[in-house]
Amino acid sequence: MLLITKTNPAKMNFTLLFVLFLTSSSLFHFDLVASFISNSELSSQTVDTWQKRNDIDDSSSSSSSIIWLKKCRTMETMIEMSKDEIGSNGELIRRCHGQALVSKCEGACVSNLRPSIQTPTGLLKECNCCRETSMQTKRIILDNCFDQDGNELIGEKLIITVNEPRHCACFQCTN
């Protein structure tokens, strides 16, 4: 993503966000996402979403859809988990499955690309990524267990521990 900010003489702040899509035909397409804030509204309004105006898909149809990009945040998502319990001889004792609600980091962060005479490429890149600020452990119960022959083990449970993000924020991207 490339963010370009420009102020025009009419005292209007324009924030333009370009999103690069690679299609199956290996052609690059740029979509323009814009958010406009007048200086008089700047102190009272916080913009945390951008609207994608033109959706480019792989088909030749001209229909468009709207996609919202949200600020970096912690979200919950339902995932399917599976864990094998292996004996000391390397043989499968049981396989347990289950669903769990876990946290994840998701959203957009502002990044910049601007001209610079101090860098070899002539461009100064400031990339920011949505990442966890802290982690927490969560115990998950997998309650659908099966033996090595695929027979259900009624009443059997396996408790596992996973790490999940507690909070998320925008940080400078690392290479």
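The values are calculated or read from the model by the stated rules, or taken from the named source; none is laboratory data. A quick note: this is a predicted structure, and the numbers were derived from the prediction, not measured. Counting neighbours? That spans all protein chains shown, and the Cβs are built from the backbone with ideal geometry, glycine included.
What to note about this one:
- The single condition among (1) touching a residue at least 60 places away in the same chain (Cβ under 8 Å); (2) over 29 Å from Lys70 (Cβ atoms) that Gln118 does not satisfy is (1).
- Residue, surrounded by the most Cβ atoms within 10 Å (Cβ to Cβ), within region 98-157, restricted to residues that are among the β-branched types (Val, Ile, Thr) and in a strand (DSSP E or B): Ile140
- Hey, Arg166 within 19 Å of the chain's Cα centre (by Cα), modelled with pLDDT of 90 or more and of a type in the set (Lys, Arg) or not: yes
- Of the residues making up region 154-166, one or more are free of Cβ contacts under 8 Å to residues at least 24 places away in the same chain, of a type outside the set (Ser, Thr, Tyr) and out of contact with any Lys or Arg (no Cβ under 9 Å at 6 or more places or on another chain).
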